[in-house]
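Taking it in order: structure first as structure tokens, then the write-up.
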Amino acid sequence: MTVADTRNAPVLSGPAEIANAVERICRTIRLPVDVHTHLYSARFGDLLLWGFDELVTYHYLIAEVARTNRSVSPAQFYAMTKREQADHIWQSLFIDESPISEARRGVLTCLKAYGLDVAGRNIEEYREFFAATTVEEHIDRVFEVANCERVVMTNDPFDDAERAIWLEQGAETDERFLTALRIDPLLVTWHDAQPRLAEWGYDVAPDLSGDTLGEVRRFLMDWAARLDPVYMAASLGFNFAYPNDHPSTPILNEAIIPACTELGIPFSPMMGVKRRVSPALRLAGDSVGKCDIGTVERLCEQNPECDFLVTLLSRENQHELCVAARKFPNLMPFGCWWFLNDPSIIDEITRERVELLGLSFVAQHSDCRVLDQLVYKWLHSRESIRKVLTDKYLDLAATGWPLTEARIEADVRGLLGGNFLDWIGR
Ligand code: HDL
Ligand code: ZN
């Protein structure tokens, strides 16, 4: 945790001064790092999604329009062009009824933050605003409006388009974009991953025989050398177990965890997805399931030399994740992921984390898929976190404990990602 020298700093006197200080800090502090996004630097071209039509066709809104306007089936929706999809969502979810959901409000928060006329509801005007800028200019604008220093990408060597860019262009040069090595296929679909690793020159067998596990570790180290990741990650189902009699256990024990330990970076199991419960919705068709917290406990307990950066998708797992973090110093809970990224749930999760963990966690990640979401997801999250911290600092002050702006600023910087950077020594 960052320690600010606050011995001589002026003590905040009274609730109003404390509340004002928390508000100013939460709203204006520069975000040190957004620990999990699906954003890309400009060199990745179309892999980076941005602009009005991408904002409005975010898969969260596809799920909402499928239930709100049943005159258009998911199959009919996906047969539309991107522009037609955006027009359909705008009409159904914004014009035909109040855009009161979090994902809809988020689109409008972005437009307002760019100084556009939200009340005018003129989507051609919005489209023209984005059309008038280059991706490089827009990245600069978004990072400035979001007051964000760095984001962590999700970098997938199994994605053909992304892999080609890494192989052709080498290391990332835009310092605002840190990397994370995402390796779901190694743990979730080994039968698919194995032939691809073999094709890439790694001597791996379906039954893990021979030096397969050593070769998987070599694959990870090769990509770590290419990407310089700040963590390795995998999205795992709600029913993922460790240990088990599945290839995932030896691959974790003999490849992933040793590689992370050698590299000095955490492994990030992101658990709780229930995949494609509604196949017709495609990417919007995933759901959530409560996972066995014992899996997280055993990962941390059986691998004390490795750090684990953990986010769980189910609201029902959050309290036990806090308790698990009290038991394992190598466990860092982070973010209010996906279906949890809503003010009411961010409030609940952040309160229990502060009450059980103090400041030893990372309060949020945006999980942005569209560049512009960096603006709204953080404006909304800053407000949710502000409300929790105001209450908690007022409770603390009520004991007579002296509070200073410098100390609160150091605390908030930690919660907004500074704790992750300190944890990995970056
Ligand atoms: O696996 C993940 O990282 C998830 O965040 C998925 O990308 C999911 O589709 C998503 O975008 N959630 O917000
Ligand atoms: Zn994600």
Under-5 Å amide H pairs with Val310, H placed in peptide plane, nonlocal only = Met332, Phe334
query = Using alpha carbon centroids, what distance separates the stretch 187-257 and the stretch 365-421, in Å?
reply = 36
remark   = Taking R0 as 56 Å and r as the Cβ-Cβ distance between Ala132 and His191, the FRET efficiency 1/(1 + (r/R0)^6), rounded to the nearest 0.05, comes to 0.70
Along the chain, longest interval not containing exposed GluC sites (Glu not before Pro), exposed being DSSP loop plus at most 13 other Cβ atoms within 10 Å = 176-304
ask   = Build a GNM of the chain with springs between Cα atoms under 10 Å: which of Ala75, Ala259, Ala86 gets the top mean-square fluctuation?
value = Ala75
inquiry  = Let me make sure I get this right: for the chain, a, b and c are the square roots of the gyration tensor eigenvalues over alpha carbons, sorted descending. Under 1.5 in a/c it's rounded, otherwise prolate if a/b > b/c, else oblate. Which is it?
reply    = oblate
note = Against the 2.2 N^0.38 Å rule of thumb, the C-alpha Rg of the stretch 50-135 sits at a ratio of 1.05
remark   = Here the relative contact order (percent) of the stretch 50-135, from C-alpha pairs under 8 Å and at least 6 apart, is 35
task = Note the full-extension length gain between Thr249 and Trp401 as 0.36 nm times their separation in residues minus their Cα-Cα distance, in nm to one decimal.
result = 50.0 nm
request  = Return the sequence-ordered ³J(HN,Hα) values of the stretch 65-71 in whole Hz as given by the Karplus equation 6.51 cos²θ - 1.76 cosθ + 1.60 applied to θ = phi - 60°, using x for Gly and Pro.
outcome  = 6, 5, 8, 7, 10, 7, 6
inquiry  = Less than 15 Å Cβ to Cβ from Pro266, Lys/Arg counted +1 and Asp/Glu -1: what total charge do the surrounding residues give?
reply    = -3
ask   = By per-residue mean of other Cβ atoms within 10 Å, what is the highest-first order of 418-424, 235-241?
value = 418-424, 235-241
remark   = Whole-Å distance linking the alpha carbon centroid of the stretch 138-165 with that of the stretch 67-130 is 24
ask   = lysines near Lys82 by alpha-carbon distance under 28 Å, same-chain residues fewer than 8 away left out - which ones?
value = Lys112, Lys274, Lys377
remark   = With -39,500 (n - 2.57) per DSSP H segment of 4 or more residues and division by the full residue count of the chain, the 222 nm estimate, nearest 500 deg cm²/dmol, is -14000 deg cm²/dmol
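Each reported figure results from applying straightforward, stated rules to the coordinates on display, with no laboratory input. Remember, predicted model here, so these are calculated numbers, not experimental data. Here the Cβ is made from the backbone with ideal geometry for all residues, glycine too, and neighbour counts use every protein chain on show.
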